[in-house]
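Before anything else, here's the structure in question.
The values are calculated or read from the model by the stated rules, or taken from the named source; none is laboratory data. Just so it is clear, the structure is predicted and the values come from calculations on it, not from any experiment. When we count neighbours, we look across all protein chains shown, and the Cβ atoms used for this are built from the backbone with ideal geometry, even at glycine.
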Amino acid sequence: MSNYYQNTPLGYEQDNLLTDTPVASKTFLANVFLWMFVALAISATTAFLFSSNMDAVAGYLASGGKILIYAIMFAPLAFVLVMNFAYHRLSMPVLALLFVAYSIINGISFSFLTLIYTSSSIVSCFAAASGMFALMAIMGYKTKQDLTSFGRLMMMGLIGIVIASIVNWFMQSDAMGYIIGIIGVAVFTGLTAYDVQKLKNIGNGIDANGNAMGIVDTKKYAIIGALSLYLDFVNLFLMLLRVFGGKKN
């Protein structure tokens with residue numbers, strides 16, 4: 001499971017360039033959220049299919065299917081790195097295919113949550129994450145305050161979570177895991193608002209430093225933006241599950 005870190009489907013400017021208008025920003029964000037919801041739907045469907053056939057999956061793993069385990073562990077991070085750092089060199093179809101493949105692999109990993117947590121706690125944490133994400137997304141879009149400094153603080157918190165999680169992987173401390181979960185909820189809640197405002201500015205042709213971006217491929221940026229929001233939502237859900245999820249006996 002990953003703990004980290006466009007003409008488009010809805011249509012766009014004919015030349016596919018970002019323009020400094022509210023209409024362009026709204027259309028760009030609509031495409032970002034569409035890609036995000038598609039990815040979540042793919043992950044949820046994959047998780048349901050695998051959890052419904054968990055006996056067969058367990059049998060495969062018991063028979064020596066270690067390749068699947070390693071793919072589930074390391075592939076999501078590899079996909080994120082490739083999409084974030086090589087998207088300039090990737091074509092739109094390849095980037096979209098990578099995003100879909102990433103969503104499927106995450107869905108497989110999420111199916112194993114049913115072996116640890118009760119179905120009711122998974123559903124309730126998912127619902128809570130949905131509500132919190134929606135609230136912070138609206139706040140990030142509506143606020144007039146610049147969240148750049150706030151976003152940098154949240155990124156520092158994210159780095160802290162990564163380091164603490166690595167340390168706790170060796171310590172196996174339930175108390176430390178609980179604290180990481182609480183901090184993680186706060187960090188990914190804050191990152192949601194920051195990322196939405198950043199994407200709103202990108203829709204207006206403004207980068208994170210407040211400078212004009214010039215020519216931008218909106219098709220690719222919509223997928224990269226969707227990846228950021230997807231990660232915010234998924235990690236918020238996982239952190240809520242870590243703190244409030246009821247484990248099976």
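Does Phe50 meet the test of being aromatic (Phe, Trp, Tyr), over 9 Å from Gly203 (Cα atoms), at pLDDT 90 or above and surrounded by 14 or more Cβ atoms within 10 Å (Cβ to Cβ)? Step through it out loud before you land on a result.
Numbers: aromatic (Phe, Trp, Tyr): yes; over 9 Å from Gly203 (Cα atoms): yes; at pLDDT 90 or above: no; surrounded by 14 or more Cβ atoms within 10 Å (Cβ to Cβ): yes.
When the stated conditions are applied, Phe50 does not pass them.
Does Val94 satisfy being under 16 Å from Trp35 (Cα atoms) and of a type in the set (Val, Ile, Thr)?
Working: under 16 Å from Trp35 (Cα atoms): yes; of a type in the set (Val, Ile, Thr): yes.
Answer is yes for this residue.
Which is outside any loop (DSSP other than H, G, I, E, B), under 13 Å from Phe28 (Cβ atoms) and modelled with pLDDT of 90 or more, of Leu199, Leu191? Talk me through it step by step, then tell me what you get.
Numbers: Leu191 fails: under 13 Å from Phe28 (Cβ atoms).
Answer to the selection: Leu199.
Within the range 205-249, which residues are at pLDDT 80 or above and in a loop (DSSP other than H, G, I, E, B)?
Gly245, Gly246, Lys248
Ok, one more. Sort out which residues of the range 118-145 are of a type in the set (Val, Ile, Thr) and either touching a His at 6+ places or on another chain (Cβ under 7 Å) or surrounded by fewer than 12 Cβ atoms within 10 Å (Cβ to Cβ) (or both), and write them in order of number.
Result: Val123, single match.
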